[in-house]
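Undergrad: Provided herewith is a single structure, encoded as structure tokens, for subsequent inquiry.
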């Protein structure tokens, strides 16, 4: 009989990762306590570290860079276009 996959909520994943980052328990004990695979904890931890800069305003700099690039591409396209 096939078992259904468990789907964890974002709040559950955050709780597991924060417990892991505390360092009060070994890296093997946290996944066992929450009944998840150790690789899932590592994957969620990596995702948190990659997106953590957005929490502190890192996205603003990216948006500014994107807007500048769009403006530059628009100017280049307008100057390269054939006049009617």
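Undergrad: Would you call residue 68 loosely packed, with under 12 Cβ neighbours inside 10 Å and modelled with pLDDT of 70 or more?
TA: Judged against the criteria, residue 68 is a match.
Undergrad: Here's something else I'd like to know. Inside the range 54-65, can you point out the residues that are at pLDDT 65 or above and in a helix (DSSP H, G or I)?
TA: Result: 54, 55, 63, 64, 65.
Undergrad: Being under 14 Å from residue 8 (Cβ atoms) and either touching a strand residue (DSSP E or B) at 6+ places or on another chain (Cβ under 8 Å) or outside any helix (DSSP H, G or I) (or both) is the filter here; which residues of the range 18-43 pass it?
TA: Once the filter is applied, which keeps residues that are under 14 Å from residue 8 (Cβ atoms) and either touching a strand residue (DSSP E or B) at 6+ places or on another chain (Cβ under 8 Å) or outside any helix (DSSP H, G or I) (or both), the range 18-43 yields 35, 36, 37.
Undergrad: Let me ask something additional. Return the pairs, sorted by first residue and then second, in which the second residue is modelled with pLDDT of 85 or more and surrounded by fewer than 12 Cβ atoms within 10 Å (Cβ to Cβ), the first residue lies in the range 25-53 and is under 20 Å from residue 7 (Cβ atoms), the beta carbons are less than 8 Å apart, and the residues are 6+ apart or on different chains.
TA: 31/37; 38/28
The values are calculated or read from the model by the stated rules, or taken from the named source; none is laboratory data. Worth saying up front: this structure is predicted, and the values here are computed from it rather than measured. Cβ coordinates were reconstructed from backbone atoms using ideal geometry, including for glycine residues, and neighbour counts include every protein chain displayed.
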